[in-house]
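The structure appears right after this line, and notes come after that.
The values are calculated or read from the model by the stated rules, or taken from the named source; none is laboratory data. Predicted model only: the values in this text are computed from it and were never measured. When we count neighbours, we look across all protein chains shown, and the Cβ atoms used for this are built from the backbone with ideal geometry, even at glycine. Protein only, heavy atoms only, side chains kept; ligands, DNA and RNA dropped before computing areas. Shrake-Rupley method; radii C 1.70, N 1.55, O 1.52, S 1.80 Å.
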Amino acid sequence: MSFSFSKLRGAGWALGLIILVSIALFTWFQVYISGRFIAKDYVVPVLALGFAWGAMGLFARQHWFGLTRLWALLVALLVASSCVLFEYYFRFEIHLSLYDIGALMQTNLHEATGYVREFMLSPFSVASFVVVLVMVLAGAELMVYQVKHAGDKELASDKSASDQQAPASDKTASAWQGQGHLFARLSGRGRRYAASVGLALCLVGTVICCLEMTAVKYSLRFMDEVNRSLSYIASVKPIESIVVPAHKEQQGELYVLVIGESQNRDYMGLYHGAFATTPQLEAALQPENSVLFTQAYACFPHTVQALAYALSNQLISQVQSANIADIVNQDFIPLSAVLKGAQVHSFWLSNQNAQGIYDIDTTMLARTFDGAKFMTQSEFEHAKFDGVLLPEFQQVLKELDPQRNNVIIVHMMGTHGLYHDRYPKEYAKFQPELLTSGQVGALAREHAPELSFYLNATYYNDYVLSELIAAARAHPSFMGLLFFSDHADQLPYGHNFATMRHGMTHIPMFFTFSPQYEQRYGDKVAQLRARSSEFFINDRIFDFFLDLADIKSASYRPELSLASTEFKPLNAADAVLPEGKSIWQDPSLQVWRQWPRLGANLAILRCNSDQKMAQVASLGVDQVEVDLAYDDASGLCLNHDQCEVGDLTLAAFLAQHRLSLTRLWLDLKESAADKGERLLAELEALDAQYDLKSLVVVESSDPKLLKILSVAGWQVSLRLSDELWEESAAGDAKVVGRELQSLINDYDLTALSCDSIHFAAIQSILQERNLLPALKLYVRAPEVDLSRSDIAAQIAPYQQAAMVLVPFESYFDY
């Protein structure tokens, strides 16, 4: 009997541990997915799983062992599904918001299951799924075991006590029953009835708590908002019936509007040549027939909201909402309404899905045009490659009446995830093993497969886009084609509003036109060429496209069109998104805007990859710093610590980027400190090839190495360490001054460099010793935030510095 009791006690401890572990796992997964880390996000999952385990225990107590095991399976699946979601959000550092849930629910069901398959088959998901499943089912078996071995004794004890009290109980029950009181039913049915009531409460509590979890609550809220918006549109203002008075003088003109999907200009060779992803577009878009816009941005990182703004008169900075019911309000005018008013025939051709898991508002918008065709009709159908649009586009062109005005809108699938589903195998040009850290930075370590898929999708998109352009140009009434993407993806994060990164708004945009267009609308072309680098947000496409097509309407606002002489440059107020997010705070935008005005003493830190250098060069930056390590086999390589396989050599870096640079800062790391003569020989050879001595400042913390380089004619700077300041009598200015004077005299130093925290003190010491301005002082300023509009004010304290090195966050960092 004691052995049996010890087994029961052990089973009880094991069951308690399983319950605690499962609740802890489930709570952490749910909290992480929500991304909020507030009290409610902890309490609700605890209650949900606590009620669920309580229900399981009461099932077992009632000897409903089959239901116990079935309920355990449901609980296991609930926790295991959280494991899969956790990996998805952990891998992409994405958390939930209402808008992101909406995007998921509007995804084609086949596409959605593709995501599930990808993450369910990952090692973490498989392992966690199995562990959770086994753990919860084991907990159920422990409950069954306890009831079977301890329950009989307890029931026997209960029965004995019940028999002894039967007369009094019967009398009491009879008395209560005579009065029809609730307690009569309780006393008559005993503990089994109480257990049933408890079971019902546990089941209801589980459901209520699950409904309060972030993912479920957002899903229900999204469905409610879509229903309200669709009801409003259907009953109050059916947008397909809106016609706005408009006029177009010329006849027989064809315009094409191509909408890309998830395309990021930073991965397109069209914008900078480091990725050879767009060779056909580069050939097709020549200066005499095209304008490439370098600073175009998406107004939102999801398709439905981005296109609801882009293809209507609504501006996100004014509406300040991503809810379609707020966007489609009483002032809403779709592009189709103006085209109808101007008697321009319009047709929507789409490779996006016409039907999502729940509903899709883009389809509603598409069907406001005169005609619409979707390549994917069913929510269960696999999305086709964008190449299927080409014959359909040709057919639409053939059916056009060339004597009237026509507009064709083409909505592509582009580079939307899953990336490897966006291109045929023959377009797999980029292979993950060929993507090195020296080329793409830290992305090569963990995300090379995703990056290669995205680049291949971009490469295939280049083919489809160039074929669309060629087909449009061949039509006798073709005038112009405007291309823009709804939003971008930023690897490895995809696109998501809850944790939006600025790269998700970096969209490509261009306009290509016929000779007839320039003859007829030369003033518009002149405006476009002058504004090709103007900051532009795609919620202004409505006005921009109407201007390009020369459609006159009271709803057209010339100050919003790049083609108008009345265009008003955008500012911070125009770039405000819901929840206080802002495009204006993009470091790329602010560097582009401010860099030319900041003077010649500013450089970007750690441009240790091909792509980061290409990215900053595309923003107008021509002064950078690189970290150099030394390896006997590869020589000087760009790495902050030690040379590794795949690093970019200094020779390869110069071969690619020398012409983009006016100043190059070489930060020699410890691995180069004892390589004096060999290092000098390599630098001399590179100088003979690239004329480096007029360009380069070599920095090191080793004064002996710097003297060797200085004697050979190189500009050098001694990097002052924090230890120097700390060890010199705890920062005593006189001690530090003597130490600096000794270093300068012993090694004939002409320049020093330090971190910004010591700049003021060192500058003061050098001034007291009359070493400035003969001695140059360089400074690293990691606190400078390039996302702000006051970069000049931030670097103002370092006006006396010969060079200020500042950080620039890039997804190609290394």
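Details
- Gain in span if fully extended, W28 to E726, counting 0.36 nm per residue against the direct Cα distance: 247.0 nm
- Most to least accessible of L659, L257, L285 (protein chains only, probe 1.4 Å): L659, L285, L257
- Dipole magnitude of the chain about its Cα centre (Cβ charges: Lys, Arg +1; Asp, Glu -1), debye to nearest 20: 2860
- Averaging the Cα positions of each part gives two centres, and for region 524-546 and region 566-642 these lie 24 Å apart.
- In region 259-328, GluC sites (Glu not before Pro) in a DSSP loop with at most 11 other beta-carbon atoms within 10 Å: E288
- Based on Cα atoms of region 251-304, Rg over Rh with Rh as the Kirkwood radius reads 1.01.
- Value of relative contact order over region 548-620, rounded to a whole percent, pairs C-alpha under 8 Å and six or more apart: 17
- Within the assembled protein chains, the solvent-accessible surface assigned to D331 is about 100 Å², based on a 1.4 Å probe.
- 11 Å beta-carbon shell around T649, net charge (K/R +1, D/E -1): -3
- Heavy-atom accessible area per residue - the chain, 1.4 Å, Å²: 41
- Overall form of region 277-436 per C-alpha gyration tensor (a/c, 1.5; a/b vs b/c): rounded
- Cβ-defined net charge surrounding A60, 11 Å radius [Lys, Arg +1; Asp, Glu -1]: +2
- Computed accessible area, E212, all protein chains, 1.4 angstrom probe, square angstrom: 70
- Contact order relative to length of region 444-585, as percent, for alpha carbon pairs under 8 angstrom and 6 or more apart: 16
- Taking all protein chains together, E225, E684 sort by accessible area into E684, E225, largest first [probe 1.4 Å].
- For M135, the accessible area of its heavy atoms, probed at 1.4 Å with every protein chain present, is near 30 square angstrom.
- Cys residues of the chain that find no other Cys beta carbon under 4.7 Å: C83, C202, C209, C210, C299, C607, C754.
- Computed helical MRE - 222 nm, the chain, DSSP H runs ≥ 4 contributing -39500 (n - 2.57), nearest 500: -15500 deg cm²/dmol
- Here the chain has 57 percent of its accessible surface on carbon and sulfur atoms, given a 1.4 Å probe and all protein chains in place.
- Computed over every Cα-Cα pair of region 422-556 and binned at 5 Å starting from 0, the pair-distance distribution P(r) comes out as 2, 8, 14, 15, 17, 14, 11, 9, 6, 3, 1, 0 percent.
- Shape of region 594-707, Cα gyration tensor, a/c cut at 1.5: prolate
- Matching the structure-derived mean projected area of the Cα convex hull in nm² against the labelled list [x] 33.9; [y] 48.2; [z] 36.1 gives the label [y].
- Using the average count of surrounding beta-carbon atoms within 10 Å as a protection proxy, the listed peptides 34-47, 579-592, 530-543 rank, highest first, as 530-543, 579-592, 34-47.
- For region 507-603, pairs of C-alpha atoms spaced more than 16 angstrom apart make up 63 percent of the total.
- Normalised by the number of residues in the chain, the average gap of Cα pairs under 8 Å and 6 or more apart makes the relative contact order 13 percent.
- When the charge dipole of the chain is built from unit charges on Cβ atoms (+1 for Lys and Arg, -1 for Asp and Glu) and taken about the Cα centre, the candidate among L664, P515, I259 whose Cα reaches farthest toward its positive end is I259.
- If the chain linking A685 and A194 were pulled fully straight, counting 0.36 nm for each residue of separation and taking away their Cα-Cα distance, it would gain 167.8 nm.
- Compactness index (Cα Rg / 2.2 N^0.38 Å), region 1-157: 1.23
- Segment E809..A733, full-extension length gain: 23.9 nm, with 0.36 nm per residue of separation and the alpha-carbon distance subtracted.
- A straight line joining the Cα centroids of region 400-432 and region 467-489 runs 11 Å.
- Beta bridges assigned by DSSP with both partners in the chain are antiparallel in approximately 25 percent of cases.
- The 1.4 Å probe gives accessible areas that order R658, R529, largest first, as R529, R658.
- Rounded to whole Hz, the Karplus (6.51, -1.76, 1.60) HN-Hα couplings of region 269-286, x for glycine and proline: x, 4, 9, 7, x, 5, 9, 8, 9, 9, x, 6, 5, 4, 6, 7, 9, 9
- Simple point charges give the picture: +1 on the Cβ of Lys and Arg, -1 on the Cβ of Asp and Glu, and for region 299-375 a dipole about the Cα centre of about 220 debye.
- When the chain is described by a simple charge dipole with +1 on each Lys and Arg Cβ and -1 on each Asp and Glu Cβ, the residue from G635, T368, A195 located farthest towards its positive end is A195.
- Shown is the FRET efficiency for R367 and N227, computed with R0 = 22 Å from the Cβ-Cβ distance and rounded to the nearest 0.05: 0.75.
- Its Cα centre serving as origin, region 369-473 has a Cβ charge dipole (Lys and Arg +1, Asp and Glu -1) of approximately 220 debye.
- Separation of alpha-carbon centers, region 252-299 and region 681-759, rounded to whole Å: 45
- 12 Å beta-carbon shell around S514, net charge (K/R +1, D/E -1): -1
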